[in-house]
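Structure first, commentary second.
The values are calculated or read from the model by the stated rules, or taken from the named source; none is laboratory data. Note that the structure is a prediction, hence the values are computed from the model and not measured. Every residue, glycine as well, gets a Cβ built from its backbone with ideal geometry; the counts of neighbours run over all protein chains shown.
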Amino acid sequence: MNWANLLAQMFNGLVLGALLALISAGLTIIYGTLGVLNLAHGAMFMLGGYAGYVAYAYTQSFLVALIAGAVFVLLVGLAMERSIIRFFYQRPAEDQILVTFGLAICFVEIVRYAFGSLSKTVPPPPWAMGITSLGFLFYPTYRLLVVGIVIAALLALYLLLYRTRIGMIVRAGIEDSGMVDALGINVYRVFMLVFGIGAMAAGFAGIVNAPVVSLTPDVGESILVQSFVVVVIGGVGSFPGAVLGGLIAGEIISITSMLNPAYAYVMLFAVMTLVLVVRPQGLLGIQGRE
Amino acid sequence: MVHHPFRQRLSRRQLLGAATLTAAGGWLCEGAHPLTSIARAADHPALGTYPAGSTGSSVFIGITVPRTGTYAVQGEDELKGYQLAVEHINTGHDLIKKISPKTSKGILGKELKFGVADSEAKPNTAVQEQSRFISENKAVLITGSTSSAVAVALNKLAQREKVLYVAGISGSNDTTGKDCVRYGFRQCFYGQTAAAAIGPVIVKSLGKNKKAAYLTPDYTYGHTVQHSMEDYLNKNAGWTTVTNQVAPLGAPDYSSYLLNVANSGAEVLLNVNWGHDAVLSIQQAKQFGILDKMQLVVPYQTPFLAREVGSGLLAGVYAATDFWWTLEDKYPLAKTFVEAFDKKYGYKPEWGANNAYMEFALWADAVENAGSFYPPDVIKSYEAGRKLQSTVGEVYFRPEDHQLVRPVIIVRGKKPGDMKNKEDFYDVVEIIPGEGLMQKPDAFGCSLGSYT
């Protein structure tokens, strides 16, 4: 056992996990509140990256790219909810899955048509280029910055959900949306907001992640699958569960890769299966919640 | 594992029906070709799509390339090569006539039509789409792959359905090795051949007794190419493998693999990854500072790699490839090909497009020489081992394993400052003849199977 490498991998797992936590938080609050399994969530992640790429190309400013990525996907989310998703709240789950899956294909193919399949790169801000020595490992400076940005974003989401009136309604909606409706609160307006914010979380993660990967229209596909795993491990509809699940997933990928790289991603599904057997509602999920 | 769970059932580009290239009208009736093929049809029993697929004035080719996913860019390039070849065959272009001397217009006087489907680089999707082309369109030829996993699956489909298959991009030792079939033919070389070609070049430039780390995609191509490279370097130059990082196709991030590489003490990083996986893993290796400490080697070059990774990351990097456009300085046919392609598509062709073009040109030659579309006749025509002119000089098919014997091109990445134009990414450092380089036909246990 190489202890330096173990430490390095554990740290790397944390970084991978932080990003997954942010994406999954968006997915889980949408599902928890609206009951809609949003298969276009990966496409939101991709759209955020491309919106940021375009903004960067025009302004050469990474900060503008970050804001553009998040705001653009927020708007797409709101438009999607108003024009299509809201008609599906009362329809069977299969319909919701099909419509969001269909939208995902449309988004991906529109981007492919506009930008082609050749990958695009968004450089990190100049001061975050290069490598930083952490004593036990050398790590890309920008990836360290990603952790900081993601923690800030998660904190903002936490404050929104747990310290504001709208957050209270959202959390109440997760528990029992019928009751919230009965209390005279316009649940559907809240739904629209939740969908927009959930989508924005993915879009923001997309642009934050853009300098780490190179963007292709398919970049959201594998992320979607992973964030589903995270949500299942953490507990469907649970915000803290998404964060915990994200970190666990990151650690599983990193540490397994050290022992046997071929099993890194397989292990993720093995652990998910184990969680489903032992604790079907997920680690921080509540039994009986839809 | 990382693929979308619903993709398996809902194939993305189901349609894309017959895309026919316009051919000059009126020529279909000329000559006696249609008559001879009808006459011959009577001589042979029905087999596969014969004679149903070749009784009309046109014949159909089923093409499956990945248009989405990790290999999408390479799939599109490959498709362009096929389209150009069809256009050239249908119009009787000079380039085709030089490769296939008996070609006038079309093949045996019949116009080529084709359909395209997205394979997503997944074997089951490709098999499903090609089965449809065979049953609905009576395809006389199926083609396309940018993954050896797809090539191997289509090999098996071809043998079962008795329809010819020419592999697209496929570098695995299995395609014309243990999974070879009577109905399958391959133009690009074995991973083993690539290793035998690039091995001496690497040893000469980097020295003996080096510690090597591998990045390997987890399927037939990755495993066989990695194994062939390791085999050559460890046996002939005393190299040792300190780590082999196997990752799934389309892995979204390589950081954990790269940390293992960084901690392995390796001096050379051999990146077997392909397509966008190669782009991403090289870019991230740079981010982790690995490329400053280790020499990068790319055993099997990916089309568009240099364009995509950018910023001179490939400067001084050796790679084995099938074709690079500056070969036009050496081979006249390559010059014609590069010019025709650039004129039509606006960029210099990568090796996937070249490979695809040559596949069709060589098939045209095989059918014209057989004088019939009857599959066993065409196969025997391929197996006759005629020496043909290609865009990389003289080539021929080996009858024992249906592998084209052809040179391997070794390229080295240029520094951005040395590039003469924006597509001048590589120097061709060596062209190694296939004869003598390629292992014996039975080295990977090829047994071709029956003609009927």
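Side notes on the structure shown:
- Matching residues, region A:83-107, being within 11 Å of chain B (Cβ to nearest Cβ) and either in contact (Cβ under 8 Å) with a residue 12 or more places away in the chain or of a type in the set (V, I, T) (or both): A:I97, A:T100, A:F101, A:A104, A:I105
- All positions within region A:174-221 that are in contact with a Phe, Trp or Tyr (Cβ under 8 Å, 6 or more places away or on another chain) and in a loop (DSSP other than H, G, I, E, B): A:A210, A:P211, A:V212, A:P217
- Evaluation of A:T216 against the conditions (1) surrounded by 22 or more Cβ atoms within 10 Å (Cβ to Cβ); (2) under 25 Å from A:T164 (Cβ atoms) shows that the sole unmet condition is (2).
- Any chance B:S264 is within 27 Å of B:R67 (Cα to Cα) and polar (S, T, N, Q): no
- Filter result for A:L224 (surrounded by fewer than 22 Cβ atoms within 10 Å (Cβ to Cβ), of a type in the set (A, V, I, L, M) and part of a helix (DSSP H, G or I)): no
- Residue within region A:130-139 that is part of a helix (DSSP H, G or I), surrounded by 14 or more Cβ atoms within 10 Å (Cβ to Cβ) and touching a residue at least 12 places away in the same chain (Cβ under 8 Å) present: no
- B:A340 vs. criteria modelled with pLDDT of 95 or more, crowded, with 22+ Cβ neighbours inside 10 Å and assigned by TED's automatic domain parsing to the domain that holds B:H93: no
- Hits in region B:309-318 - residues which are away from chain A (no Cβ under 11 Å), over 24 Å from the mean Cα position of the chain (by Cα) and part of a loop (DSSP other than H, G, I, E, B): B:G312, B:L313, B:G316
Yes or no, residue by residue, for (1) of a type in the set (V, I, T); (2) away from chain B (no Cβ under 12 Å):
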| site | (1), (2) |
| --- | --- |
| A:E109 | no, no |
| A:A114 | no, yes |
| A:S117 | no, no |
| A:K120 | no, no |
| A:P123 | no, no |
| A:G130 | no, no |
| A:V147 | yes, yes |
| A:V150 | yes, yes |
| A:L154 | no, yes |
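- Inclusion of B:E400 among residues that are assigned by TED's automatic domain parsing to the domain that holds B:I142 and either touching a residue at least 24 places away in the same chain (Cβ under 8 Å) or in contact with a helix residue (DSSP H, G or I) (Cβ under 9 Å, 6 or more places away or on another chain) (or both) is warranted.
- Odd one out for B:Y382 among (1) more than 27 Å from B:T224 (Cα to Cα); (2) in the same structural domain as B:Y165 (by TED's automatic domain parsing): (1)
- Failed criterion for A:I30 (all others in (1) within 14 Å of chain B (Cβ to nearest Cβ); (2) touching a residue at least 24 places away in the same chain (Cβ under 8 Å) hold): (1)
- Hey, A:S238 facing chain B (nearest Cβ under 7 Å) and in contact (Cβ under 8 Å) with a residue 12 or more places away in the chain or not: no
- When B:G177 is tested against (1) closer than 18 Å to B:V65 by Cβ; (2) assigned by TED's automatic domain parsing to the domain that holds B:G352, only condition (1) is not met.
- Condition broken by A:G282, with the remaining ones in (1) in contact with a His (Cβ under 7 Å, 6 or more places away or on another chain); (2) away from every other protein chain (no Cβ under 14 Å) satisfied: (1)
- Identity of the residue in region B:389-442, under 17 Å from B:G310 (Cβ atoms) and among the aromatic types (F, W, Y), that ends up surrounded by the fewest Cβ atoms within 10 Å (Cβ to Cβ): B:F425
- Residues in region B:73-100 that are touching a residue at least 40 places away in the same chain (Cβ under 8 Å) and within 30 Å of B:N273 (Cα to Cα): B:V73, B:Q74, B:G75, B:D77, B:E78, B:L79, B:K80, B:G81, B:Y82, B:Q83, B:L84, B:A85.
Condition check ((1) more than 22 Å from the chain's Cα centre (by Cα); (2) within 17 Å of A:V36 (Cβ to Cβ); (3) crowded, with 19+ Cβ neighbours inside 10 Å; (4) of a type outside the set (S, T, Y)) across all residues:
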position: A:V150; (1), (2), (3), (4): no, no, yes, yes
position: A:L159; (1), (2), (3), (4): no, no, no, yes
position: A:I166; (1), (2), (3), (4): no, no, no, yes
position: A:V170; (1), (2), (3), (4): no, yes, yes, yes
position: A:M179; (1), (2), (3), (4): yes, no, no, yes
position: A:V190; (1), (2), (3), (4): no, yes, yes, yes
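- Applying the condition of being touching a Gly at 6+ places or on another chain (Cβ under 8 Å) and surrounded by fewer than 24 Cβ atoms within 10 Å (Cβ to Cβ) to region B:138-172 and asking which residue is farthest from B:M229 (Cα to Cα) yields B:K138.
- Extreme residue, surrounded by the fewest Cβ atoms within 10 Å (Cβ to Cβ), among residues of region B:46-68 that are farther than 22 Å from B:E359 by Cβ, in contact (Cβ under 8 Å) with a residue 40 or more places away in the chain and of a type outside the set (A, V, I, L, M, F, W, C): B:S57
- Failed criterion for B:L112 (all others in (1) in contact with a Cys (Cβ under 8 Å, 6 or more places away or on another chain); (2) in contact (Cβ under 8 Å) with a residue 40 or more places away in the chain; (3) not acidic (D, E) hold): (1)
For (1) in a helix (DSSP H, G or I); (2) closer than 22 Å to A:L145 by Cα; (3) of a type in the set (V, I, T), each residue gets a yes or a no:
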{"site": "A:L14", "(1), (2), (3)": "yes, yes, no"}
{"site": "A:T28", "(1), (2), (3)": "yes, no, yes"}
{"site": "A:G48", "(1), (2), (3)": "yes, yes, no"}
{"site": "A:A57", "(1), (2), (3)": "yes, yes, no"}
{"site": "A:L78", "(1), (2), (3)": "yes, no, no"}
